[in-house]
Amino acid sequence: MDRVKAQNPGEPEFLQAVQEVAEKLIPFIEEHPKYKEAKILERMVEPERVIIFRVPWLDDDGEVQVNRGFRVEFNSAIGPYKGGLRFHPSVTLSSLKFLGFEQILKNSLTTLPMGGGKGGSDFNPKGKSDNEIMRFCQSFMTELFRHIGPNTDVPAGDIGVGGREIGFMFGQYKRLKNEFTGVFTGKGREWGGSLARPEATGFGGVYFGKAMLEVLGENYQGKTVAVSGFGNVSWGVCMKASELGAKVVTLSGPDGYIYDPDGVNSEEKFNYMLELRASNQDIVAPYAERFPNATFYPGKKPWEQKVDFAFTSAIQNELNGDDAETLIKNGCKMVVEVSNMGCTPEAVEALDKAKVPFAPGKAANAGGVAVSGLEMSQNSMRYNWTFEEVDEKLKQIMAGIHETCLKYGKEADGHIDYVKGANIGGFVKVADAMLAQGIV
């Protein structure tokens, strides 16, 4: 870690991600000298390629705007780089390196042939017109197109990048390359997308939680759930948790959170979540105006509510040590990270100490990239599966990830360390491929 810190100064998110993985992996590596001798972990924390570029574009007033674009191509040992693009003012090289590093292990856990990568820009879509977003996306892709391809690097969406943004970028890629290939996932259904892709991350998180509960002899029926965020991930969690009998009682945004005692559990409410996301305002308060039984708590986080389960579904480090202690005190029985690194190290430590089952993001939120992998397969075959077929494959993949976590994470006393299980399980496949391919 001293070496990693010296080489990556001013990158707190990336250092946090590496520290969390290293703590679980190094004892395992010590027991397997082949990984230590080949310096697999030292090589894995160094991206294969980092691309940083200028993105100039014109706003609706004819003013020139300039943003910074990134693509971190982290590891291609088991397949082409695969990972989302994030458009948000908080985007930095550190945050994208953390996400790309996590993506290596997450993609490995799916068992699909995908390497790890991530990218994005500090561009803020909030309050921008469709034309401004189109001009930005076209400028962004005018540089990025030369670095990606269906067998090289296949981006997807992330925070701030939905179907609209992917459509604009894919159109520009097609124009520049003069080819129609599966270079993006999360595409529209009519032009190469997969059914169930928008719901997949949330669905996958709920499926992973279901497997955890089955180990405990529990289920979702009649339980209450706190969910953060209100975007695609939260949307998927709300729909699938409701289908399985749970009641989601919170949603959140940068402005605060809403508590809905009736539950976010109807078609009308699910559709309103999509309206909120499409508004580009990035606030959740209007939900309480639309559904008067709900209460809005400005500037607060949903973890103060007494619930059975908590699902982080917004952004990194959104649940801290104090939040974890509050959940524990209120009798929360399970925490699932559906956002990437949604819990701080202090939160993870508190949950582990209290023996509250905790699912790390690289395992629990792998459903999104799993269905992206399935979309890549459909593009290669020029074929589409039904929603039910994709959903069934997603269930199987999430069950397989849970089995891997059990294999490497079960302790002598029966407690399951899902963080350890996910880190080691994801590492082994990539590490063995790196060994086989030599020092490259």
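Each value in this text was obtained by applying a stated rule to the coordinates, not by laboratory testing. Predicted model only: the values in this text are computed from it and were never measured. Cβ sites come from the backbone with ideal geometry, for glycine too, and all protein chains shown count toward neighbours.
Some notes on this structure:
- The range 122-154-the range 174-194 distance, computed between alpha-carbon centres (Å): 14 Å
- Taking every alpha-carbon pair within the range 135-214, the share separated by more than 14 Å comes to 65 percent.
- Counted charge near G426, where neighbours are those whose Cβ lies closer than 10 Å (Asp, Glu -1; Lys, Arg +1): +2
- Alpha-carbon centroids, the range 379-420 and the range 1-74: separation in whole Å: 26 Å
- Neighbourhood charge, 11 Å Cβ-Cβ cut-off, centred on V249 and excluding it, Lys, Arg +1 and Asp, Glu -1: 0
- Available extension along the chain between L244 and K395 is 53.0 nm, counting 0.36 nm per residue and deducting the alpha carbon span.
- In the structure shown, the pairs K306/K355; K240/K407; K353/K429; K355/K407; K301/K410 are assessed against 24 Å; a Cα-Cα span above that value is assigned to K240/K407; K353/K429; K301/K410.
- Charge context of A350, other residues only, Cβ under 12 angstrom, K/R +1, D/E -1: -3
- Share of alpha-carbon pairs per 10 Å distance bin for the chain, given as whole %: 5, 23, 33, 27, 11, 2, 0
- Listed by number, the DSSP H helices of the chain that run 27 Å or longer by alpha-carbon position along their axis and have mean Kyte hydropathy of at least 0.0 are 12-31, 418-436.
- A Förster radius of 22 Å combined with the Cβ-Cβ distance from E268 to N330 puts the calculated FRET efficiency at roughly 0.15.
- Average projection, convex hull of the Cα set of the range 200-361: 8.1 square nanometres.
- Residue with peak Gaussian network fluctuation, the chain [Cα springs, cutoff 10 Å], from V356, V227, V64: V64
- Rg of the Cα atoms in the range 39-181, relative to 2.2 N^0.38 Å, amounts to 1.04.
- In Å, descending, principal axis extents of the Cα set of the range 262-342: 33, 26, 23
- With contacts taken as Cα pairs under 8 Å at a separation of at least 6 residues, the chain carries a relative contact order of 15 percent.
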